[in-house]
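Chemist: Attaching a single structure in structure tokens format; questions to follow.
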């Protein structure tokens with residue numbers, strides 16, 4: 001995802017700390033990861049679920065982007081669970 005500035009929400013920082021995910025890992029996942037879901041109706045900005053493989057670790061990052069200012073806001077980040085996601089971490093398993 002292209003952006004000029006990356007801002008971490010308080011919620012994201014808390015979740016990253018609990019999940020032992022670093023800012024650098026999130027930055028890498030957001031910058032070079034693949035958008036696997038788009039949420040254009042999210043407010044105040046459309047958001048995206050990004051998948052990045054960082055140091056052989058899959059990381060999902062939810063990022064909301066203000067297209068006007070090119071600012072991306074990290075909403076949350078987590079390591080996808082194989083019990084919930086297909087092995088490629090791109091498709092959620094059906095219950």
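Chemist: Residues being surrounded by fewer than 18 Cβ atoms within 10 Å (Cβ to Cβ) and farther than 14 Å from residue 3 by Cα: count how many of those fall in segment 36-53.
Modeler: Counting residues in segment 36-53 that are surrounded by fewer than 18 Cβ atoms within 10 Å (Cβ to Cβ) and farther than 14 Å from residue 3 by Cα gives 10.
Chemist: Could I ask something else about it? Condition (residue is within 15 Å of the chain's Cα centre (by Cα), over 19 Å from residue 2 (Cβ atoms) and without any contact (Cβ under 8 Å) to a residue 24 or more places away in the chain) applied to segment 71-81: is it met by at least one residue?
Modeler: Applying the first criterion (within 15 Å of the chain's Cα centre (by Cα)) to segment 71-81 yields 71-81.
Now restrict to residues that are over 19 Å from residue 2 (Cβ atoms): 76, 78-81.
Right, trim to without any contact (Cβ under 8 Å) to a residue 24 or more places away in the chain and you get 81.
Looking through segment 71-81, at least one residue is within 15 Å of the chain's Cα centre (by Cα), over 19 Å from residue 2 (Cβ atoms) and without any contact (Cβ under 8 Å) to a residue 24 or more places away in the chain.
Chemist: Considering 13, 26, which residue is touching a helix residue (DSSP H, G or I) at 6+ places or on another chain (Cβ under 7 Å) and either surrounded by 18 or more Cβ atoms within 10 Å (Cβ to Cβ) or without any contact (Cβ under 8 Å) to a residue 12 or more places away in the chain (or both)?
Modeler: Answer to the check: 26.
Chemist: So which residues in segment 8-55 are at pLDDT below 95 and out of contact with any strand residue (DSSP E or B) (no Cβ under 7 Å at 6 or more places or on another chain)?
Modeler: If the condition is that a residue be at pLDDT below 95 and out of contact with any strand residue (DSSP E or B) (no Cβ under 7 Å at 6 or more places or on another chain), then 31, 55 are the ones that fit.
Chemist: Let me ask something else about it. Looking only at segment 1-31, which residues are over 11 Å from residue 77 (Cβ atoms) and more than 11 Å from the chain's Cα centre (by Cα)?
Modeler: 2, 3, 4, 5, 6, 7, 10, 24
The values are calculated or read from the model by the stated rules, or taken from the named source; none is laboratory data. Computed from a predicted structure; not experimentally measured. As a convention, Cβ positions derive from the backbone with ideal geometry for all residues, glycine included, and neighbour counts pool all protein chains shown.
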